[in-house]
Amino acid sequence: MIHFVKGRITSKAIQDHIEKEYVSKAKTVMVIEDASHQYPATLQNIEASYRWVTPGSYLLVQDTKMDRFVGGLGKKYGNLKFGPMRTVDEFSGKHGDKFVVDRRFEYLLYSQHHRGFLRRK
């Protein structure tokens, strides 16, 4: 079953709700991060939720392709130089003992989520 939860995943109240209502009752948990696409927020979101991903399942960081574009967007996006891809790189370096980048879904040589499928070991 798929559940969409509205709210900030970094909020303790939202985390408690997710753990009580969904994670504690699930055999398999996949987390999809598709929020602001800005590096700081994306990193905060996956750091707050990666622990729920069950072994063999995925933490999917969507739209990693955005890193190719955010550098040229200027003040509209806070002059950020990086986005979701930087988050994946940093997260993988820190949590490489728990997650591996799974590129099996990039078989058409293009993906919106290049290196964004992180499989829990």
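Selection over segment 86-121 of residues that are of a type in the set (A, V, I, L, M, F, W, C) and touching a Phe, Trp or Tyr at 6+ places or on another chain (Cβ under 9 Å) gives a count of 6. For segment 1-15, the candidate set comprises residues that are part of a loop (DSSP other than H, G, I, E, B) and open to solvent by 100 Å² or more (accessible area, probe 1.4 Å); within that set, the residue that is modelled with the lowest pLDDT is Met1. Here Ser36 passes the criteria (1) modelled with pLDDT of 85 or more; (2) of a type outside the set (Phe, Trp, Tyr); (3) open to solvent by 50 Å² or more (accessible area, probe 1.4 Å); (4) under 15 Å from the mean Cα position of the chain (by Cα) except the one numbered (1).
Of the residues that make up segment 105-114, is at least one in contact with a Leu (Cβ under 8 Å, 6 or more places away or on another chain), of a type outside the set (Gly, Ala, Ser), at pLDDT below 95 and assigned to a loop (DSSP other than H, G, I, E, B)? Checked segment 105-114: at least one residue is in contact with a Leu (Cβ under 8 Å, 6 or more places away or on another chain), of a type outside the set (Gly, Ala, Ser), at pLDDT below 95 and assigned to a loop (DSSP other than H, G, I, E, B).
Cβ-Cβ distances below 6 Å connect the following pairs, each with a first residue in segment 13-41 that is without any contact (Cβ under 8 Å) to a residue 40 or more places away in the chain, a second residue that is open to solvent by less than 70 Å² (accessible area, probe 1.4 Å) and assigned to a strand (DSSP E or B), and a separation of six or more residues or different chains: Met30/Tyr58; Val31/Leu59; Ile32/Leu60.
Within segment 63-79, the set of residues being surrounded by 17 or more Cβ atoms within 10 Å (Cβ to Cβ) and either modelled with pLDDT of 95 or more or in a loop (DSSP other than H, G, I, E, B) (or both) comprises Asp63 only.
To keep it simple, each residue is scored yes or no on (1) β-branched (Val, Ile, Thr); (2) open to solvent by 30 Å² or more (accessible area, probe 1.4 Å); (3) more than 27 Å from Arg104 (Cβ to Cβ).
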{"site": "Met30", "(1), (2), (3)": "no, yes, no"}
{"site": "Pro40", "(1), (2), (3)": "no, yes, yes"}
{"site": "Asn45", "(1), (2), (3)": "no, no, no"}
{"site": "Ala48", "(1), (2), (3)": "no, no, no"}
{"site": "Leu59", "(1), (2), (3)": "no, no, no"}
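Tell me yes or no: at least one residue of segment 24-39 is assigned to a helix (DSSP H, G or I) and under 22 Å from Gly116 (Cα atoms).
Step one: filter segment 24-39 for residues assigned to a helix (DSSP H, G or I), giving 24-25, 39.
From what's left, under 22 Å from Gly116 (Cα atoms): 39.
The answer is yes, given that some residue of segment 24-39 is assigned to a helix (DSSP H, G or I) and under 22 Å from Gly116 (Cα atoms).
Only one entry in Arg86, Arg119 is at pLDDT 90 or above and of a type in the set (Lys, Arg), namely Arg119. Filtering segment 96-120 to residues that are open to solvent by 100 Å² or more (accessible area, probe 1.4 Å) and within 16 Å of the chain's Cα centre (by Cα) leaves only Arg103.
The values are calculated or read from the model by the stated rules, or taken from the named source; none is laboratory data. Since this is a predicted model, take the numbers as computed values, not measurements. Virtual Cβ from ideal backbone geometry, glycine too; neighbours counted across all protein chains shown. All accessible areas refer to the heavy atoms of the entire protein, side chains included, with ligands and DNA or RNA removed. Shrake-Rupley method; radii C 1.70, N 1.55, O 1.52, S 1.80 Å.
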